[in-house]
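Just so it is clear, none of the values below were taken in a lab; they were calculated from the coordinates. It should be emphasised that the depicted structure is a prediction, and the values quoted were computed from it without experimental measurement. Note: ideal-geometry Cβ built from the backbone for every residue, glycine included; neighbour counts use all protein chains shown.
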Amino acid sequence: MRVLRIFTVCLVLLMFSVNAFAAKTVELIFTFWGTDLEAKVVSEACARFNKAHPDIKVSPMHIPTNYIEKLTAMVAAGTPPHIGYLYEPNVLDWASKGILYDLTEAISQDPLLSNKLPELYWRYDGGKKVAGITVAAEFMITYYNKDLFDKAKVPYPPTKPEEWTWDKFVETARKLTFDNKGRRPGEPGFDSKNIVQYGAVIPLWWCPLIPLIWSNGGDIADATGTKPMINSPETIEALQKIYDLMYKDHAAAPPTVSDAFPSTNIALQTGQVAMVIDGQWAMQEAGEMVKEGSLKLGLAPLPYFKKPVTGVIGTPIVIFKDAVKDPEVLKAALEFHKFIQDPENVLTLIRCGLWQPTTIEWYTKDEYIKKWTDPKLHPAEYRAAVIEYHAYARKYPVAYLKNSAEINTIFGQEMTRIFYGNEDIEKVCNEAAEKLKPILAGRYDK
């Protein structure tokens, strides 16, 4: 009987120990948006993390629509996720309000996190703190249809950034623009009202336009973030030349035409356009066309006016301060943050063309470059035109200017007046500068 009692006590203690161990499992909510492919890959990454970390359970929460509205509601209700994507215009604002956890110490203690492309850190409090790290770098580049170049006997764009000047871009676009009788701009009888193939498309929002403005020495605001530069001679000149390519040279599709395209990649594939300026994210759709043999894709850097430059943007991953007050929960969130920031763990999204990696070595060392480039998808010039292009990358104003959401809204409204409304560019830019003056409140990183 005594032996039975001892056995029973031991069994109870063992069950208590097992339950106590199980109770120590830290559960995290990770919110994110994205396509079905992105949802699949991110969810699989979470499952791999959970398997390798039995004391942590990360539950992925895919929010494909109205992401920021739903996340804002979660934060307001006092139930934020532990970690997640955050819409770029909200990152530094939320960090400065104390909603986000400062990653500075974690970065300093980890070689992976401290070795990212420098433009991918979201710095605030005068640059002393880090709100998040971009998980997917996205450069602005030039896509083109090689078959259309071959048919028109036009040389492919150069892959060296210094060689792809705006004048060269315009010349190339003109040679690849045809009306319904096969005539090019400038040739006798050219009919600008019946163009069947445009040389180029330039999407008219801040991601494509701002690097072109930068390349001419212009900007939205000065280096302090307190004075408008949208009406500087350099900005006005860049916008005028982009406008002239559409409405004077008739070599780039105006927005009334390009808005009707199902996507710029489809316009490229079907021969409606020979060149498209777009972000790295377009590589996924274009890559599928390459693999199925319906598009002979080529890539080049962005054209430039005075100095080569491209923009780099991407979703930052942040940790929510109110959700990680418990030291064990914070430790778990930091562990998962490091995991998801490792390109090895999201390689499918990188190899498919949707993302670029964020770690420096993946741009400079062959062993890593071979991991993330797929010869069936990435064109031969991808390395020169994109990978080695990282030296020319610059972070967008959304990653440092205060009130960036309002600034982007004004920028978009004024570009609509210029490119849709055909209003005088200098007048519009001067009026835009007056609208920006009250909201240019400096920078988060200085």
Over region 34-103, calculate the relative contact order: mean separation of alpha carbon pairs under 8 Å at least 6 apart, over the residue count, as a percent. 21 percent
Dipole of region 296-391 (Lys/Arg Cβ +1, Asp/Glu Cβ -1, origin at the Cα centre): which of 315, 387, 343 lies farthest to the positive side? 387
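Can you sort 65, 165 from fewest to most other Cβ atoms within 10 Å of each residue's own Cβ? Can you show the working numbers first?
Numbers: 65 7, 165 17.
So the ranking, lowest neighbour count to highest, is 65, 165.
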Inter-probe distance in nm under a simple model that places probes 7 Å from Cα toward Cβ, at residue 97 and residue 360: 3.5 nm
Once you keep just the Cα pairs under 8 angstrom separated by 6 or more residues, what percentage relative contact order results for region 325-382? 26 percent
For region 119-128, in order, what is each residue's ³J(HN,Hα) by Karplus, 6.51 cos²θ - 1.76 cosθ + 1.60 with θ = phi - 60°, in whole Hz (x at glycine and Pro)? 6, 9, 8, 9, 9, 8, 6, x, x, 7
Listed by chain and number, the residues whose amide H is under 5 Å from that of residue 26, excluding neighbours fewer than 5 places away on the same chain and using placed H, are 56, 57
Residues with amide H under 5 Å from that of residue 394, placed H, sequence gap 5 or more: 310, 311, 312
Can you give me the C-alpha center-to-center distance between region 274-289 and region 365-418, rounded to a whole angstrom? 12 Å
Could you compute the FRET efficiency for residue 294 and residue 240, with r as their C-beta to C-beta distance and R0 at 41 Å, rounded to 0.05? 0.65
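Dipole size in debye (nearest 20) for region 347-446 around its Cα centre, Lys and Arg Cβ +1, Asp and Glu Cβ -1? Present the calculation step by step, with values, prior to reporting the outcome.
On the way: 15 positive and 14 negative charges, 78 e Å.
Dipole about the Cα centre, nearest 20: 380 debye.
Given the -39500 (n - 2.57) contribution per DSSP H run of 4+ residues, what per-residue ellipticity at 222 nm results for the chain, rounded to the nearest 500 deg cm²/dmol?
Values: 19 runs with 186 residues, N = 446.
Theoretical 222 nm ellipticity from helices: -12000 deg cm²/dmol.
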Karplus-derived HN-Hα couplings along region 86-91 (A = 6.51, B = -1.76, C = 1.60, θ = phi - 60°), whole Hz, x at Gly and Pro: 9, 4, 3, x, 8, 4
Normalising by the residue count of the chain, find the relative contact order in percent from Cα pairs under 8 Å and 6+ residues apart. 24 percent
So how strong a dipole does region 98-246 carry about its Cα centre when Lys and Arg Cβ are +1 and Asp and Glu Cβ are -1, to the nearest 20 debye? 540 debye
What is the set of long-range amide H partners of residue 136 at a cut-off below 5 Å, with H atoms built 1.01 Å from backbone N? 315
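Just to be sure I understand: of the beta bridges DSSP finds with both ends in the chain, what percent are antiparallel, rounded to 5?
Details: 27 of 44 bridges.
Of the beta bridges lying entirely in the chain, close to 60 percent run antiparallel.
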Enumerate the calculated ³J(HN,Hα) couplings along region 292-302 in order (Karplus 6.51 cos²θ - 1.76 cosθ + 1.60, θ = phi - 60°), each rounded to whole Hz, writing x wherever the residue is Gly or Pro. 8, x, 9, 8, 9, 8, x, 9, 8, x, 6
Extension gain (nm, one decimal) between residue 151 and residue 79, 0.36 nm per residue minus Cα-Cα: 20.1 nm
Once the dipole of the chain is set up from charges on Cβ (+1 Lys and Arg, -1 Asp and Glu), the residue from the list 280, 207, 49 lying farthest towards its positive end is 49
Counting other Cβ atoms within 10 Å of each Cβ, which GluC sites (Glu not before Pro) in region 227-308 have at most 11 and sit in a DSSP loop? 292
Could you give the distance between the Cα centres of region 346-363 and region 64-79, to the whole Å? 28 Å
Could you tell me the calculated FRET efficiency between residue 306 and residue 406, based on Cβ-Cβ distance and R0 = 25 angstrom, to the nearest 0.05? 0.30
What is the distance in Å between the Cα centroid of region 149-166 and that of region 118-134? 36 Å
The residues 390, 250, sorted from fewest to most surrounding Cβ atoms within 10 Å, come out as 390, 250
Could you calculate the FRET efficiency of residue 55 with residue 104 from 1/(1 + (r/R0)^6), where r is the beta carbon distance between them and R0 is 41 Å, rounded to 0.05? 0.95
Points 7 angstrom from Cα along the Cβ direction at residue 325 and residue 168: gap in nanometres? 5.9 nm
Residue 446 and residue 427 label points (each 7 Å along its Cα→Cβ direction) are spaced in nm at 3.3 nm
Rounded if a/c under 1.5, otherwise prolate or oblate - region 317-446, Cα gyration tensor axes: oblate
Rank 427, 241, 146 by mean-square fluctuation in a GNM of the chain with C-alpha springs under 10 angstrom and give only the top-ranked residue. 427
Can you say what percent of the DSSP beta bridges in region 28-158, counting only those with both residues inside, are antiparallel? Round to 5. 35 percent
To the nearest 20 Debye, how big is the dipole of the chain about its Cα centre, given +1 on the beta carbon of each Lys and Arg and -1 on that of each Asp and Glu? 780 debye
